[in-house]
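Written out below as structure tokens is the structure these notes cover.
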Amino acid sequence: MIDNQTALLLIDLQLGFDEVAHWGGNRNNPDCEAVCFDLLTAWRKRQMPIFHIRHASTEPNSPLAPHRSGFAFKPLTAPQAGERIIQKQVNSSFIGTDLQQQLDKAGIKKLVLAGLTTNHCVSTTARMAGNLGYQAWVVHDATATFDRKGHDGTVYPSELIHRTALASLHGEFATVLGSCDVLSMLKNPQNPLKNQQSPL
């Protein structure tokens, strides 16, 4: 059940991801940011915990390097005063940050994950959340990714990468569901969807 002690983690919603060519080209789910904004609005309305995760790349040529304009949050989903910001340098939002300490101090054991990208920072954060004992939901229409080139040069389309990344998470590290389901659970807490997370 998603309740008032469920935190929304918005991962890497930064301008640098608009440089599509840098990330492999052909991003899927162009509505990702709008859906993230819908979730953010619902969390703000209910004064539920919100964490904005921001990647600070150590690669100087990365669009997400702190000295680059792409380091900035996207305006639509940018933090408001009082909302917590977690800065990371690797794929996981838990490594090298105090995210776990902040969650545990606040007694938060449930997480809803959204943002960029599905197969990298969203997936890595979800896997660690599951391993650390948090109940996690990943919102499939509030995530997106890019084409990926395999070791043999094969190019895999972004939608395929997106779907297989979510399939690898679901029932193992997290429960994958749509934003309509999340919003429904918020409006009707007495009739929650059954969590399908399974043990390792």
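Residues in the range 13-31 that are touching a His at 6+ places or on another chain (Cβ under 9 Å) and not in a loop (DSSP other than H, G, I, E, B) were compared, and the one that is nearest to residue 50 (Cα to Cα) is 14.
What are the residues in the range 165-191 that are more than 18 Å from residue 136 (Cβ to Cβ) and among the β-branched types (Val, Ile, Thr), if any? Of everything in the range 165-191, nothing turns out to be more than 18 Å from residue 136 (Cβ to Cβ) and among the β-branched types (Val, Ile, Thr).
For the criterion of being open to solvent by 60 Å² or more (accessible area, probe 1.4 Å) and without any contact (Cβ under 8 Å) to a residue 40 or more places away in the chain, residue 56 fails.
Within the range 126-163, restricting attention to residues that are in contact with a Lys or Arg (Cβ under 9 Å, 6 or more places away or on another chain), open to solvent by less than 40 Å² (accessible area, probe 1.4 Å) and of a type in the set (S, T, N, Q), the residue that is farthest from residue 13 (Cα to Cα) is 158.
Taking the criterion of being open to solvent by 20 Å² or more (accessible area, probe 1.4 Å) and assigned to a helix (DSSP H, G or I), the residues of the range 36-53 that qualify are 37, 38, 41, 44, 45.
One residue stands out in the range 60-102 among those that are farther than 24 Å from residue 32 by Cβ, touching a strand residue (DSSP E or B) at 6+ places or on another chain (Cβ under 9 Å) and in contact (Cβ under 8 Å) with a residue 12 or more places away in the chain: the one that is surrounded by the most Cβ atoms within 10 Å (Cβ to Cβ), namely 102. Only one of the numbered conditions (1) open to solvent by less than 10 Å² (accessible area, probe 1.4 Å); (2) modelled with pLDDT of 95 or more; (3) closer than 21 Å to residue 113 by Cβ is violated by residue 2, and that is (2). Within the range 54-73, the set of residues being assigned to a loop (DSSP other than H, G, I, E, B) and in contact with a helix residue (DSSP H, G or I) (Cβ under 6 Å, 6 or more places away or on another chain) comprises 63, 64, 72.
In the range 87-95 there is no residue matching the filter, namely being in a strand (DSSP E or B), in contact with a helix residue (DSSP H, G or I) (Cβ under 9 Å, 6 or more places away or on another chain) and aromatic (Phe, Trp, Tyr).
The values are calculated or read from the model by the stated rules, or taken from the named source; none is laboratory data. Everything quoted here is computed from the prediction, not taken from an experiment. Glycine also receives a Cβ, built like all others from the backbone with ideal geometry; neighbour counts cover every protein chain displayed. Each accessible area value is taken on the protein alone, full model and side chains, heavy atoms only, with ligands, DNA and RNA left out. Shrake-Rupley method; radii C 1.70, N 1.55, O 1.52, S 1.80 Å.
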